[in-house]
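Participant: Provided herewith is a single structure, encoded as structure tokens, for subsequent inquiry.
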Amino acid sequence: MNVLKLKKNLRRNILQGNPWVYQDAISSHQNIKSSTLCKVNDMKNDFLGWGVYSPNSPLALRMISLEKSPPNKDFFKKKIIKAWALREGLRTEANNAYRFINGEGDLLPGVICDIYASVAVLQFDGADMSEYWDACWIAEWVLKNTNATTVYFKPRHDMKSAPKTWGDELPDLVEIMESGSRFYVDIVNGQKTGFFLDQRENRSYIKNISKDKLVANLFSYSGGFSICAGLGGAKRVTSVDIAGGALELANKNWALNNLKTESHRAECADVFDWLTKNKNKYDIVICDPPSLAKSEKQKDQAVKKYVEAFSLAARSVKENGHLVLSSCSSHISFEDFKNIADQALSKARLRGQILKVSGQGPDHPYTHACEHLRYLKFMDIVVYK
């Protein structure tokens, strides 16, 4: 068994639930060539727990267990059963899509499993974690113990692994129900696992404030916020995204919910260009860009891009209208996000009242000792001069 010794005093952090140890905190790691389970000792060489060591990643060690014995299939089965039980309240007639396993947040580092009706999508956080976890064993558990009849392993875009399917054949589009709204999900070609389940509660909020409103949904993807605005009684919704395929799916989702065709306009454009040229004003402008900071090194540049996008969006909001902002970057904290919103309003020469601040839904839990896992930020600001 490989043994790792830490050279930084991280014992308290790890015991409190922070599972991450970076390469510079490890004093010795023997000659480990691939991701493997290791016994972990603290800087005094006292036993601390068990973790998966990844020799080729700056995030070198992810703690798995603090028990004396090494984790086995029964250990992991208990974690999976606990994760399943935590989602019991989400499994209703009106909702059949949710995140079942949220990696470190469910004490199963690097494992993502999303449920879309009868399809489960399995994903690992990088090649190192894919090397460690047994996808077949997880898939078989899901098929045996949930309502899923298909499990699809979807490698991340930066991985060389091939996709794989267990159970029934994967359909081209999966129809889901989310809090009464209906969506088609393109699992193979869609972003992440196919849909942004973490915004569920925020989409419901948009539904509640959209009656008789003119709404612009920027970086709209497949129209999640757009459809909810339409179902909330919006007068007209404009969806803007640079991906034509995503907008086609947004139109399909609009029709799936029996909304009037003339009440939705899909515009394929670069959002920054669209905002610069746009002369219209809206009661609600939703600006939810993709992650602009994928590493700490990109943070400063990302902040500038967020400020630019949000300030341009603010100028398209009517007096006393809603500027709805969101960021999914874990490298942008809630404090950073508030500062970005402040800068954006200042640049647009506007003031604001904050009506709502929220984050990811309850199926995306995070450990209290690892703030990076609290990645999603959402804010509704009423703007005025």
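All of the numbers you see were taken from the coordinates with simple rules; none came from a lab. Predicted, not measured: the structure shown is a model, and the values here were computed from it. Neighbour counts are summed over all protein chains in view; Cβ atoms, including those assigned to glycine, are modelled from backbone coordinates with ideal geometry.
Participant: Compute the separation of the alpha-carbon centres of region 298-327 and region 54-118 and state it in Å as a whole number.
Facilitator: Computed from Cα coordinates, the inter-centre distance equals 34 Å.
Participant: Also: So for the pair residue 349, residue 248, with labels modelled 7 Å out along Cα→Cβ, what separation do we get in nm?
Facilitator: Result for the modelled spin labels: 4.3 nm.
Participant: Strictly over 18 Å apart at the Cα level, which of 160/192; 154/192; 252/281; 347/377 would you flag in this model? Numbers along the way, then the final one.
Facilitator: On the way: 160/192 16 Å; 154/192 9 Å; 252/281 26 Å; 347/377 21 Å.
From 160/192; 154/192; 252/281; 347/377, over 18 Å: 252/281; 347/377.
Participant: Applying the Karplus parametrisation 6.51 cos²θ - 1.76 cosθ + 1.60 with θ = phi - 60° to the phi angles of region 5-14, what ³J(HN,Hα) value in whole Hz is obtained for each residue in order, glycine and proline being reported as x?
Facilitator: So the Karplus estimates, Gly and Pro as x, are 10, 8, 10, 10, 7, 10, 4, 4, 4, 5 Hz.
Participant: Sequence gap at least 6, Cα distance under 8 Å: using those rules, report the relative contact order of the chain to the nearest whole percent.
Facilitator: Reported relative contact order: 11 percent.
Participant: Moving to a separate point now. When the helix-only estimate is applied to the chain (DSSP H runs of n ≥ 4, each -39,500 (n - 2.57), divided by the residue count), what is the mean residue ellipticity at 222 nm, nearest 500 deg cm²/dmol?
Facilitator: The helix contribution divided over the chain gives -8000 deg cm²/dmol.
Participant: For the ranges 237-245, 365-373, what's the packing order if you count other beta-carbon atoms within 10 Å of each residue, average per peptide, and put the highest first?
Facilitator: Listed from highest to lowest mean packing, they are 237-245, 365-373.
Participant: If we sort 200-213, 268-281, 166-179 on the protection proxy, mean other Cβ atoms within 10 Å, highest first, what's the order?
Facilitator: Numbers: 200-213: 18.9, 268-281: 14.0, 166-179: 16.5.
Final packing ranking: 200-213, 166-179, 268-281.
Participant: Among 337, 364, 320, whose Cα lies farthest out toward the positive end of the dipole of region 269-385, if unit charges sit on the beta carbon of Lys, Arg (+1) and Asp, Glu (-1)?
Facilitator: 320
Participant: Please work out the FRET efficiency for the pair residue 93 and residue 258, using the Cβ-Cβ distance as r and a Förster radius of 22 Å; give the result to the nearest 0.05.
Facilitator: That pair, residue 93 with residue 258, gives E of 0.75.
Participant: Calculate, for residue 140 and residue 320, the FRET efficiency according to 1/(1 + (r/R0)^6) with r their C-beta to C-beta distance and R0 51 Å; round to the nearest 0.05.
Facilitator: Numbers: r = 55 Å, r/R0 = 1.08.
Computed FRET efficiency for residue 140 and residue 320: 0.40.
Participant: For region 260-320, what's the relative contact order in percent, using C-alpha pairs closer than 8 Å and at least 6 residues apart?
Facilitator: 46
Participant: What's the extension gain from residue 15 to residue 357 if we count 0.36 nm per residue and subtract their Cα-Cα distance?
Facilitator: 120.1 nm
Participant: With no solvent and one equal point scatterer placed on each C-alpha of the chain, evaluate the Debye formula and give log10 I(q)/I(0) for q = 0.13, 0.15 Å⁻¹, two decimals.
Facilitator: -1.10, -1.34
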